Amino acid sequence: MGSSFQAIAGLRRRPLARAAWGVVWTCAALCAFAASAARAQERAEAKLHVDIGYIAYAKPAPALYDLYAAPADEGERGAALAVAENDTTGSFIGQSYAMTTTIVAPGQSPVAAARALADKGVRLFIADLPAPDLLKLADALRPMGALAFNVSAMDNDLRGADCRANLFHLAPSRAMLTDAVAQFLTVRQWRRTLLVVGPQSDDAAYAASFRGSAKKFGLRIVAEKPWTFGPLAKARGDSVTEAAALTFTRGTDYEVIVAADEANDFGDYILYRTAEPKLVLGTQGLVAVSWHKAHVAWGAEQLQTKFLRFAGRRMRPVDYQAWMAVRAIGDAVLAVKTADPAALRAYLAGPDFGVGIYKGVVGSFRPWDLQLRQPLLLAQPKSIVGIAPQPGFLHQRTPLDTLGVDLPETTCHLK
């Protein structure tokens with residue numbers, strides 16, 4: 001009998017419970033709406049508003065099945081995450097941030113796109129552009145007093161003879177990447193290298209950079225061989241040239257292969273297909289990168305998770321470099337309390353600037369070429385093997401300056 005009364009009472013209470021939950025959810029929705037409206041009001045009333053422009057070429061459409069294709073929103077998602085972080089922090093002190101993204105179609109001018117934003121008052125630009133367009137952009141922005149932040153171009157000349165006083169570099173230079181590889185080989189005492197160079201101009205640039213790193217760290221390039229067998233890494237099948245590719249290293253006394261293949265045409269194909277069982281480093285195999293999906297040390301797992309939730313995919317190096325660019329702007333604005341480009345440039349290039357980069361140290365810009373100092377990860381596809389600078393490489397300022405072109409060797413003369 002008692003159980004029957006309890007059942008009846010429960011049936012009577014359920015509508016009341018549902019009504020109560022309805023009230024709770026309605027209140028929650030109203031509170032969320034009120035919070036959103038208050039946030040919009042805060043932005044409208046912010047004492048300092050920072051506008052950032054993001055300029056990039058549209059990524060080419062991938063083939064039907066392309067393991068190497070870059071996401072269409074590569075870079076932009078990293079910058080957008082940092083804008084959201086800066087905006088959240090700035091809300092407590094009367095600062096707000098916004099970013100306008102312009103994706104330029106092939107054949108169109110990124111300079112014209114940047115000028116259109118500059119006409120609206122934008123003076124800070126994140127640029128995912130190749131070196132020639134990057135230089136045109138920096139030169140066009142200079143009379144306006146605007147700053148550009150390079151997040152993808154690795155060309156050494158951008159930090160050398162072609163450097164610009166209003167162009168900061170978040171992407172590591174090729175010299176930094178090849179120095180990281182050379183340091184690793186030096187520590188392991190694998191000094192005899194076979195350099196395999198692809199047919200593209202970027203491959204030649206990487207090879208030239210590695211030659212400089214080999215000389216710098218006492219490695220010996222015992223032979224150089226051009227890759228003449230086509231893009232076998234992308235072929236997804238056997239070909240009549242496979243036998244030649246298997247044996248083209250035969251007769252050379254080397255310890256490791258360094259691949260110069262920025263186009264990803266052949267470097268992955270070399271792995272496990274050489275006549276002798278040798279390791280591959282460089283642009284494939286063990287690579288030096290600014291960021292990697294396997295990196296979780298120094299709190300990096302927090303950034304990895306945050307980006308995955310924000311973008312719906314894993315963070316890539318260009319995403320990370322764009323994220324660092326916007327965070328550097330945010331930290332500078334927080335310190336100097338202005339968005340004036342001249343004041344920001346002076347602080348960013350000065351000794352007091354530092355930005356957290358989730359790699360155990362703070363990043364800072366070299367005043368002689370405006371390159372961000374940062375450790376580089378030595379990674380294979382699913383794990384981190386090491387980090388450069390390697391232990392034991394010392395420098396009078398910071399070990400980070402053992403990567404890339406140092407002050408005594410620079411050909412950059414900023415004006």
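The values are calculated or read from the model by the stated rules, or taken from the named source; none is laboratory data. The model shown is predicted, which means the values in this text are computed figures rather than measured ones. Every residue, glycine among them, receives a Cβ derived from its backbone with ideal geometry; neighbour counts consider all protein chains shown.
Below are the figures for this structure:
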{"read-out": "Among the candidates ALA233, ALA243, residue that is surrounded by fewer than 18 Cβ atoms within 10 Å (Cβ to Cβ), assigned by TED's automatic domain parsing to the domain that holds ASP202 and at pLDDT below 95", "value": "ALA243"}
{"read-out": "Residues of the stretch 59-113 classified as of a type in the set (A, V, I, L, M), within 17 Å of the chain's Cα centre (by Cα) and either surrounded by fewer than 18 Cβ atoms within 10 Å (Cβ to Cβ) or under 22 Å from ALA131 (Cβ atoms) (or both), total", "value": "4"}
{"read-out": "Odd one out for ALA161, checked against (1) of a type in the set (A, V, I, L, M); (2) within 23 Å of SER290 (Cα to Cα); (3) in contact (Cβ under 8 Å) with a residue 60 or more places away in the chain", "value": "(2)"}
{"read-out": "Qualifying residue in the stretch 348-368 (condition: assigned to a helix (DSSP H, G or I) and in contact (Cβ under 8 Å) with a residue 12 or more places away in the chain)", "value": "yes"}
{"read-out": "Some residue of the stretch 315-330 being part of a loop (DSSP other than H, G, I, E, B) and either in contact (Cβ under 8 Å) with a residue 60 or more places away in the chain or over 15 Å from LEU170 (Cβ atoms) (or both)", "value": "yes"}
{"read-out": "Verdict on ASP369 being within 20 Å of ARG77 (Cβ to Cβ), of a type in the set (D, E, K, R) and in contact with a Lys or Arg (Cβ under 8 Å, 6 or more places away or on another chain)", "value": "no"}
{"read-out": "Residue check for VAL326: farther than 26 Å from ALA63 by Cα, buried (at least 22 other Cβ atoms within 10 Å of the Cβ), of a type in the set (Val, Ile, Thr) and at pLDDT 95 or above", "value": "yes"}
{"read-out": "Subset of the stretch 400-415 (residues that are out of contact with any strand residue (DSSP E or B) (no Cβ under 9 Å at 6 or more places or on another chain) and either without any contact (Cβ under 8 Å) to a residue 40 or more places away in the chain or not hydrophobic (A, V, I, L, M, F, W, C) (or both))", "value": "ASP406, PRO408, GLU409, THR410, THR411, HIS413, LYS415"}
{"read-out": "Inter-residue pairs, beta-carbon under 7 Å, first within 18 Å of LEU170 (Cα to Cα) and in the stretch 287-308, second β-branched (Val, Ile, Thr) and surrounded by fewer than 21 Cβ atoms within 10 Å (Cβ to Cβ), 6+ apart", "value": "HIS292/ILE384"}
{"read-out": "Test for GLU301: is it farther than 22 Å from LEU377 by Cα and either part of a loop (DSSP other than H, G, I, E, B) or of a type outside the set (S, T, N, Q) (or both)", "value": "no"}
{"read-out": "Filtered residue count, the stretch 281-308, keeping only those that are within 30 Å of LEU194 (Cβ to Cβ) and either of a type outside the set (A, V, I, L, M, F, W, C) or touching a Gly at 6+ places or on another chain (Cβ under 7 Å) (or both)", "value": "8"}
{"read-out": "Meets criteria (buried (at least 24 other Cβ atoms within 10 Å of the Cβ), modelled with pLDDT of 95 or more and among the hydrophobic types (A, V, I, L, M, F, W, C)) for ALA342", "value": "no"}
{"read-out": "Total residues in the stretch 361-394, condition under 24 Å from ALA161 (Cα atoms), out of contact with any strand residue (DSSP E or B) (no Cβ under 8 Å at 6 or more places or on another chain) and either outside the structural domain of ALA325 (by TED's automatic domain parsing) or crowded, with 21+ Cβ neighbours inside 10 Å (or both)", "value": "0"}
{"read-out": "VAL196, sole failed condition from (1) in a helix (DSSP H, G or I); (2) touching a strand residue (DSSP E or B) at 6+ places or on another chain (Cβ under 6 Å); (3) in contact (Cβ under 8 Å) with a residue 60 or more places away in the chain", "value": "(1)"}
{"read-out": "Every residue from the stretch 183-227 that is surrounded by 17 or more Cβ atoms within 10 Å (Cβ to Cβ) and polar (S, T, N, Q)", "value": "GLN183, THR186, THR193, SER209, SER213"}
{"read-out": "Residue among LEU177, LEU147, LEU124 that is closer than 27 Å to PRO60 by Cβ and either acidic (Asp, Glu) or modelled with pLDDT of 95 or more (or both)", "value": "LEU177"}
{"read-out": "Options ALA171, ALA175, ALA180: the member that is farther than 28 Å from THR338 by Cα, crowded, with 24+ Cβ neighbours inside 10 Å, touching a helix residue (DSSP H, G or I) at 6+ places or on another chain (Cβ under 7 Å) and not basic (Lys, Arg)", "value": "ALA175"}
{"read-out": "Filter pass, ASP128 being among the acidic types (Asp, Glu), crowded, with 22+ Cβ neighbours inside 10 Å, assigned by TED's automatic domain parsing to the domain that holds LEU334 and out of contact with any Lys or Arg (no Cβ under 9 Å at 6 or more places or on another chain)", "value": "yes"}
{"read-out": "Answer from TYR97, TYR68, TYR57 - the residue that is aromatic (Phe, Trp, Tyr) and at pLDDT below 95", "value": "TYR68"}
